[in-house]
Amino acid sequence: MFSQIKKFIITTGEITSFSLSYFKEALFPPYEFQELLRQCYLLGNKSIGLVGSTGFIMGIVLTLQTRPTLVEFGAESWMPSMVGIAIVREIGPVITALICAGKVGSGISAELASMKVTEQIDAMEVSGTNPFKYLVITRVTAATLMLPVLVVSADVISLGGSSLVEYLKGGVSLQLYFNKVFDYLNYGDLIPSIIKSFFFGFAIAIVACYKGFTSSKGTEGVGRTANQAVVISSMLVFIIDFIAVLISDIFYEL
Amino acid sequence: MENETTNNSVIEIEELYKSFGDNHVLRGFTFTLQEGENVAVLGKSGSGKSVLIKCIIGLIPIDQGNLIVLGKSIPDLKRKELDLIRKDVGFLFQGAALYDSMSVKENLEFPLRRHRENRSGISLHKKIEEALDSVGLLHTLHLMPSELSGGMKKRVALARTLILRPKIILYDEPTGGLDPITGKEISHLINNVQSLYKASAVIITHDLACAKITTNRIVILSNGINYTEGTYDKLKQSTDPVVEEFFEEIAA
């Protein structure tokens, strides 16, 4: 038990130090713009399908599950605003972040760990490249920038799924559905959700890069590293979400 | 191996110490590499051979001692200065270390672009073709590393090492993991490119045939020090029990 607590504290310290190195290195040239753009494209392009389909299903499921209760109280007209707020504030960002923690986080950590095991990171270093800048800064920045884009996409697709159910079950037109959604949504719902998405992206990628970069124990370590990265970053998503909700709640009360 | 050697030393190592916790890997290793000379470093597994060449290129920081490469003290160099030295020091990794996500062409392009060598596309392409041709693999230009055999990967990695025309090449087990025939081919290839590019070399190997074909001198690394050194024939005839045992073990 004591050794586990000690290990947890050491890992937390190391991830913090790794994050500080990110800010230290990211501020100074050389900047790897080309690789950053490539990573943005890879991260966004490769995740949009999964994020979109999951969001679509979530929108449908949420609407189908909630509808009978609202109908019972004669409150089905509240459906678009309720689903809209739930998706934009909470479900969209958290589900997208969890999908990215699984897909992007495991991918980055396994890729970097395997590069480390096969000495590709050393090869990069002897080629006159700072591997931290080339591999870590680019991936973390790309994830930080792309996660909000994915979240907004997931929100829109999810609302699309929900509107489809409302159209089929309640005869509500697409235009009316989105009018009602936007009547109740305001910047106070959207902005905190986008801000926390940046933090989700940063946390997922920094943990994945840290685990990949510090991987050891050969090829066996690659799988373990990917697994640990997903577990830690998923947990961090919930912690960040909790803190973000606490902070935004203070602003709602003002 | 009949490279011409001069009396200008390109690597000077004096009393080099390196430990990992309680594991004292190098305990005062001393060694000099002359310009144009090819030296093999032989040692048992875990004797610190790979650590030695990683110290030389600055991948592993040393604990104590003098380490001078091309007139610069490696431990005292800042990152940018180290990168400049690395342009003149090639490194062939044990497992080739080709970038999996890049094609052969992109793998060769990478060091050129990083060191800002000839940014014009035509010249870049010519250099890549020239380097690949020197290892006999011009046809692999657009293949991915996963499509290459172990021997081909080593050859491509060698081409990537040669593309910057380094003054020194560090080979980490160049024939490791290859069958004896391919290993011999690689040894002859190293011999050819060393003569062609007129580079000095430190070759870490277990393979006596490789050491015999490629080097002028063999250094035996034992207990973290330069135990003894000499030509292949001289060491083979040595009656020193450590050297004898070493040759017998490797041969076995």
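Okay, here's what the table says:
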{"quantity": "For segment A:1-133: span of alpha carbons on each principal axis (Å, largest first)", "calculated": "69, 45, 29"}
{"quantity": "Phi-based couplings in Hz for segment B:145-159 (Karplus 6.51, -1.76, 1.60; Gly and Pro marked x)", "calculated": "x, 5, 8, 9, 7, x, x, 5, 4, 4, 5, 5, 4, 5, 4"}
{"quantity": "Cα-based helix-to-principal-axis angle, B:180-197 vs chain B, degrees rounded to 10", "calculated": "80"}
{"quantity": "Cβ-placed point charges (K, R +1; D, E -1), dipole of segment B:144-200 about Cα centre in debye, nearest 20", "calculated": "320"}
{"quantity": "Principal axes of chain B: Cα extent on each, largest first, Å", "calculated": "55, 42, 37"}
{"quantity": "Residue-span extension gain [A:Glu25 to A:Phe8] - 0.36 nm each, minus C-alpha spacing", "calculated": "3.6 nm"}
{"quantity": "Max mean-square fluctuation residue, GNM over chain A, Cα-Cα springs under 10 Å, options A:Tyr22, A:Tyr134, A:Tyr184", "calculated": "A:Tyr184"}
{"quantity": "GNM flexibility winner over chain A from A:Lys169, A:Lys103, A:Lys196 (Cα, springs under 10 Å)", "calculated": "A:Lys169"}
{"quantity": "Dipole magnitude (debye, nearest 20) for segment B:1-142, charges at Cβ of Lys, Arg, Asp, Glu", "calculated": "560"}
{"quantity": "Extreme residue, positive dipole direction of chain A, given options A:Phe73, A:Val136, A:Gln228 (C-beta unit charges)", "calculated": "A:Gln228"}
{"quantity": "Residue among A:Val88, A:Val181, A:Val51 with the largest mean-square fluctuation in a Gaussian network model of chain A, springs linking Cα atoms under 10 Å", "calculated": "A:Val181"}
{"quantity": "Paired Rg and Dmax values of the protein assembly as shown, which use every Cα atom, in angstrom", "calculated": "28.9, 100"}
{"quantity": "Relative contact order %, segment B:158-211, counting alpha carbon pairs below 8 Å whose residues are six or more apart", "calculated": "47"}
{"quantity": "Debye, to nearest 20: dipole size of chain A, +1 on Lys, Arg Cβ, -1 on Asp, Glu Cβ", "calculated": "480"}
{"quantity": "Other-chain or far-sequence residues with amide H under 5 Å of B:Val41's (modelled H)", "calculated": "B:Ile203, B:Ile204, B:Thr205, B:Val219"}
{"quantity": "Span-rule helices in chain A, defined as complete DSSP H runs reaching 15 Å or more along the axis (Cα) with Kyte mean at least 0.5", "calculated": "A:33-72, A:106-117, A:138-170, A:187-213, A:218-253"}
{"quantity": "Estimated vicinal HN-Hα couplings, Hz - segment B:72-80 in sequence order (Karplus 6.51, -1.76, 1.60; Gly, Pro = x)", "calculated": "10, 7, 4, x, 8, 7, 7, 3, 5"}
{"quantity": "Non-local Lys pairs in segment A:74-200, i.e. 8 or more apart or on different chains, that have alpha carbons under 22 Å apart", "calculated": "4"}
{"quantity": "Relative contact order %, chain B, counting alpha carbon pairs below 8 Å whose residues are six or more apart", "calculated": "26"}
{"quantity": "Table column - 3J(HN,Hα) (Hz), segment B:198-213, Karplus curve with 6.51, -1.76, 1.60, x for Gly and Pro", "calculated": "6, 9, 8, 8, 10, 10, 8, 7, 9, 8, 4, 4, 5, 4, 5, 6"}
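No value in this document is a laboratory result; all are computed from the given coordinates. All figures in this text were calculated on a predicted structure; none of them were measured in a lab. Here the Cβ is made from the backbone with ideal geometry for all residues, glycine too, and neighbour counts use every protein chain on show.
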